[in-house]
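Just below is one structure, and these are the notes that go with it.
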Amino acid sequence: MAFNKIFKTSMLASALTLAAAQPAAAAWTGGDNSVELGTTITNAAFNGSTVGFSGNAALTYDAWGMQGAFTNFYLPTSAQSVTIDARSSAGNFPAFSIFRTNVAYSGDTVGQDTPAELTGQIHKFNSVGQAGDPGIIWATGTNGIVETLGYASSSANNYVNSYGGQVNSGAHDISIDNLFETGVSGSIGVTGNPAFATSKRFATLTLNDLQAGWYALFVGGADAAGTGGDITVKVTASALASTYTPPAAVPVPGAVWLFGSALAGFLGLKRKSSLAA
């Protein structure tokens, strides 16, 4: 278990390559997906699905790639905090996940997974899985998802998808280290009176000390009881830069793997000797 954790950290650290910003697949207002300090980028009508993120019993509460949508943004300077806000009419239940990536990733298949996830356009997958987990292996890799940092769901319902992923109401930090941020928090709720059309349902996440680089978002509704309606997405960076320095990853020494192999061989020989006796 400890070896696996170190190995994951080593792989993540090797994926800290930065690139120049470029237009996202789902356009932000003005066509700019670069979030400089003290600025906000917006997509006022990102996606109106009621069950793209979760909430569809017919899909065993998996995410629905044909209804939800991916986009990406670039953070040129590490920020003390970055806030992601998704909101729609009170009749919908916006939800989203945020992933660290190396490139402007927008939901392409870059890895392998089970046939159900690789039939044409991604149909169903694990919207809350960590990179490399079943149901999201198809998106994991140097040209895809490096680490899943967190998710927020404004639905009051909790689900378990077919991959065993817990898709719970509220805001959740599911990062596995402090390589890209030092904490994820957020909130869900409704602004105004739900009886009026002007009220909005929202889900937000704030990532502390978010490091410079590429990030991807998957956005969709999380409750089949929703009535739909465009989801507005905003990404805002604090005016102050982060002074946090991520820890250096500890690579797994070759001697450790050799020791493990030798130990396994020794135990095998000992077992054979015991059986022979």
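The values are calculated or read from the model by the stated rules, or taken from the named source; none is laboratory data. Note that this is a predicted model, so its numbers are computed, not measured. Methodologically, a virtual Cβ is constructed for each residue, glycine included, from the backbone with ideal geometry; neighbour enumeration extends over all protein chains shown. Protein only, heavy atoms only, side chains kept; ligands, DNA and RNA dropped before computing areas. Shrake-Rupley method; radii C 1.70, N 1.55, O 1.52, S 1.80 Å.
Annotation note: of A225, A216, the sole residue that is among the small types (G, A, S), over 19 Å from G48 (Cβ atoms) and either part of a strand (DSSP E or B) or open to solvent by 60 Å² or more (accessible area, probe 1.4 Å) (or both) is A216. Considered as a group, the residues in the stretch 135-160 that are modelled with pLDDT of 95 or more and touching a Leu at 6+ places or on another chain (Cβ under 9 Å) include one that is nearest to G111 (Cα to Cα), and that residue is V146.
Condition first: among the aromatic types (F, W, Y), surrounded by 22 or more Cβ atoms within 10 Å (Cβ to Cβ), under 18 Å from S49 (Cα atoms) and at pLDDT 95 or above. Can you find one or more residues in the stretch 125-134 that meet it? No, the stretch 125-134 contains no residue that is among the aromatic types (F, W, Y), surrounded by 22 or more Cβ atoms within 10 Å (Cβ to Cβ), under 18 Å from S49 (Cα atoms) and at pLDDT 95 or above.
Conditions (1) in a strand (DSSP E or B); (2) of a type in the set (S, T, Y); (3) surrounded by fewer than 20 Cβ atoms within 10 Å (Cβ to Cβ), marked per residue:
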residue	(1), (2), (3)
V51	no, no, no
G55	no, no, no
Y74	yes, yes, no
T77	no, yes, yes
V82	yes, no, no
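Suppose the filter is closer than 11 Å to G220 by Cβ, part of a strand (DSSP E or B) and open to solvent by 10 Å² or more (accessible area, probe 1.4 Å); does F70 pass it? So F70 fits the description; yes.
Every condition in (1) part of a loop (DSSP other than H, G, I, E, B); (2) open to solvent by less than 10 Å² (accessible area, probe 1.4 Å); (3) modelled with pLDDT under 95 holds for T198 except the one numbered (2).
Looking only at residues that are surrounded by 17 or more Cβ atoms within 10 Å (Cβ to Cβ) and among the small types (G, A, S) in the stretch 35-49, which one is modelled with the lowest pLDDT? Result: G48.
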